[in-house]
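Read through the structure below, which is laid out as structure tokens, and then see the notes.
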Amino acid sequence: MFSHVISDLDGTLLDSDAALAGAFIALGVPAEEITFGHVVAAECERLGISLDDYLDAYDESAAQPFAGVDDVIRQLTKSTWSICSNKNPRSGHAELARLQWDPLLVAFADSFQGPKSPEPILEKLSLPRSDVLFLGDTEHDRHCAQNAGLQFALAAWNPRASAQPGDLVLTTPQELLSALQL
């Protein structure tokens, strides 16, 4: 059992593929060239567009929670969850405000030197790492958890998520509540 969950945002709590891709497509990037799970600034650079143009084109109201996620988030106490995401803070904070989600700690792309890491959050938590679960949907999320010495929980409600040995596989958001000591 865990007392705190650090969660990725896009692809884990939010079904955001269409929203993320939509901004690139609006800027003329062919859909087949778009990939997911990266720092948005790096993806913009790879695709030859400016980050500011991308953020201006991004529809902060388009990404919606996966089915059941909002209900689960509303059952968590503030002290039991945090966000760790490669998302740009401008759109990330706007989405959290729109959804009225209020995690204890938030680490967006401006919190890291490179790809995301739960370390900025772990440094502020007074918890043993064995009490903290990292929830994500990608191989990168799995590596973030492993590199920090955290148990990785796969958000298997995302159809793109692929389980690996050692994952705690959550098939529904409701199963997160069972993993947490509330």
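The values are calculated or read from the model by the stated rules, or taken from the named source; none is laboratory data. These numbers come from a predicted model, not from an experiment. Quick reminder, even Gly has a Cβ in these numbers, built from the backbone with ideal geometry, and neighbours come from all protein chains shown.
See the values below:
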read-out: Flag for residue 142 being closer than 21 Å to residue 178 by Cα, in a helix (DSSP H, G or I) and not small (Gly, Ala, Ser); value: yes
read-out: Identity of the residue in the stretch 51-68, among the hydroxyl-bearing types (Ser, Thr, Tyr) and under 24 Å from residue 140 (Cα atoms), that ends up surrounded by the most Cβ atoms within 10 Å (Cβ to Cβ); value: 58
read-out: Boolean, residue 85 is within 27 Å of residue 164 (Cβ to Cβ) and of a type in the set (Ser, Thr, Tyr); value: yes
read-out: Residues within the stretch 77-103 that are in contact with a Ser or Thr (Cβ under 6 Å, 6 or more places away or on another chain) and on the phi > 0 side of the Ramachandran plot, tallied; value: 0
read-out: Residues located in the stretch 96-125, provided they are loosely packed, with under 15 Cβ neighbours inside 10 Å, under 15 Å from residue 42 (Cβ atoms) and not acidic (Asp, Glu); value: 113, 114, 115
read-out: Enumeration of residues in the stretch 25-43 that are within 19 Å of residue 89 (Cβ to Cβ) and part of a helix (DSSP H, G or I); value: 40, 41, 42, 43
read-out: Residue within the stretch 20-35 that is over 16 Å from the mean Cα position of the chain (by Cα), touching a residue at least 40 places away in the same chain (Cβ under 8 Å) and not assigned by TED's automatic domain parsing to the domain that holds residue 130 present; value: yes
read-out: Filtered residue count, the stretch 1-24, keeping only those that are within 18 Å of residue 96 (Cβ to Cβ), assigned to a loop (DSSP other than H, G, I, E, B) and of a type outside the set (S, T, N, Q); value: 4
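Yes or no, residue by residue, for (1) closer than 15 Å to residue 12 by Cα; (2) polar (S, T, N, Q); (3) at pLDDT 95 or above:
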site	(1), (2), (3)
69	yes, no, yes
73	yes, no, yes
77	no, yes, no
80	no, yes, yes
86	yes, yes, no
97	no, no, yes
102	no, no, yes
105	no, no, yes
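Rundown of residues vs (1) within 28 Å of residue 105 (Cα to Cα); (2) modelled with pLDDT of 95 or more; (3) crowded, with 17+ Cβ neighbours inside 10 Å, yes/no style:
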site: 5; (1), (2), (3): yes, yes, yes
site: 13; (1), (2), (3): yes, yes, yes
site: 25; (1), (2), (3): no, yes, no
site: 44; (1), (2), (3): yes, no, yes
